[in-house]
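Here's the structure, in C-alpha cells; my notes come after.
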Amino acid sequence: MEKREIEVISSQALGERTGIPSAQVRKDLSYYGEFGRRGVGYEVSILRRHLQKILGLERDWPMVIVGAGNLGRALVNYQGFLRHGLEVRAVFDSDPRVIGTYIHNLRVEGPEIMEQRIQEEEAHLGIIAVPAEAAQEVAERLITAGIRGIWNFSPEHLRVPQEVILRNEDLSVGLMALIYHLNYSIDRGD
C-alpha cells in the first residue's frame with residue numbers, strides 16, 4: 001500500500017483485501033493496541049510498523065539450512081526472505097560431493113562445524129531439508145546449538161522440547177488439499 005502511495009486504509013478495505021470481515025480486522029488489530037482512528041482507518045506507514053513489530057519483523061533473523069539438495073538450494077536462493085529480515089547465513093550438507101560448492105553466495109559446509117557456525121552467526125532459526133531418516137538427528141543438533149525455531153520440510157514428524165517452536169511443512173499434504181478443493185469445484189461445475 002505504501003508503494004502505491006496509499007496513506008490511509010479502512011478496516012473495510014483491509015478486510016476486502018484479506019477476505020476477513022472488517023469487524024474481525026478491527027478486533028484483531030485492537031488486541032495489539034489502538035493505532036487506528038475511528039471513522040478514518042489506519043495510517044498505512046504506522047500500521048506497517050506495528051505489524052512488523054507484532055510479527056517480529058522489525059529485527060533481523062539469521063537462519064541456517066540443513067540440506068543442500070534441490071529443496072535446500074531453492075530455499076537458499078529464495079530472495080523473498082530478505083524482504084522480511086530473514087537471511088540465510090549458512091547451509092550444511094553431509095554429502096562430500098556437495099560440501100565446498102556454492103549456492104548463491106554461500107559455501108556449503110559439512111555437518112561437523114554446524115554447531116560452531118550456528119553460534120557464530122547467532123542464528124535462532126533452522127530449516128531442515130533432509131531425508132526423513134536424518135531429520136530427527138539434525139533437529140537435535142540444531143537445538144543443541146541454540147536454534148529455537150525449526151521449519152521442517154522433511155516428511156518426518158519431529159520430537160522437540162516444548163520451548164522449541166516447530167513448523168512442519170509437508171508439501172504433499174498441501175498439494176492434496178489443493179487437489180481436494182479443485183476436485184470439489186470441478187464436481188460442482190465451477
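The values are calculated or read from the model by the stated rules, or taken from the named source; none is laboratory data. From a predicted model like this one, the values you see are computed outputs, not experimental measurements. Cβ: placed from backbone, ideal geometry, glycine included. Neighbour counts: every protein chain shown.
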Open item on the list: Given the criterion exposed (fewer than 13 other Cβ atoms within 10 Å of the Cβ), of a type outside the set (D, E, K, R) and under 30 Å from P131 (Cβ atoms), identify the matching residue among A68, A90, A74, A23.
Closed with: A74
TODO: Any chance you could count how many residues in region 8-39 are touching a Ser or Thr at 6+ places or on another chain (Cβ under 8 Å) and part of a loop (DSSP other than H, G, I, E, B)?
DONE: 1
TODO: Of the numbered conditions (1) surrounded by 17 or more Cβ atoms within 10 Å (Cβ to Cβ); (2) more than 30 Å from G110 (Cα to Cα), M63 fails exactly one; give the number of that condition.
DONE: (2)
TODO: Considering only region 57-106, state which residues are among the charged types (D, E, K, R), modelled with pLDDT of 95 or more and assigned to a helix (DSSP H, G or I).
DONE: R73
Open item on the list: Going through R159, R167 one at a time, which residue ends up being in a loop (DSSP other than H, G, I, E, B) and among the basic types (K, R)?
Closed with: R159
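Against the condition assigned by TED's automatic domain parsing to the domain that holds I147 and over 23 Å from R148 (Cβ atoms), how does G69 come out, does it pass?
Working: assigned by TED's automatic domain parsing to the domain that holds I147: yes; over 23 Å from R148 (Cβ atoms): yes.
Yes, satisfied.
Suppose we keep only residues that are among the β-branched types (V, I, T) and loosely packed, with under 15 Cβ neighbours inside 10 Å within region 26-60. Which one would you say is nearest to G85 (Cα to Cα)? Steps first, please.
Looking only at region 26-60, we keep the residues that are among the β-branched types (V, I, T), and these are 40, 44, 46, 54.
From what is left, the residues that are loosely packed, with under 15 Cβ neighbours inside 10 Å are 40, 46, 54.
Working: V40: 31, I46: 18, I54: 14 Å.
Residue satisfying both the conditions and the ranking: I54.
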Task: Cross-chain or 6+ apart pairs with Cβ under 9 Å, region 159-183 first and touching a residue at least 60 places away in the same chain (Cβ under 8 Å), then loosely packed, with under 10 Cβ neighbours inside 10 Å and charged (D, E, K, R) - done: none
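Quick one: which of I143, I118, I150, I113 is in a strand (DSSP E or B) and modelled with pLDDT of 95 or more?
Just a single option satisfies the conditions, and that option is I150.
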Open item on the list: What pairs come out if I take residues in region 121-146 that are farther than 15 Å from P111 by Cα and buried (at least 18 other Cβ atoms within 10 Å of the Cβ) and pair them with residues that are β-branched (V, I, T) and modelled with pLDDT of 95 or more whose C-beta lies under 7 Å away, six or more apart or interchain?
Closed with: A123/V64; A123/I147; L125/I147
Task: Number of the condition not met by E5 [criteria: (1) part of a strand (DSSP E or B); (2) over 29 Å from L125 (Cα atoms)] - done: (1)
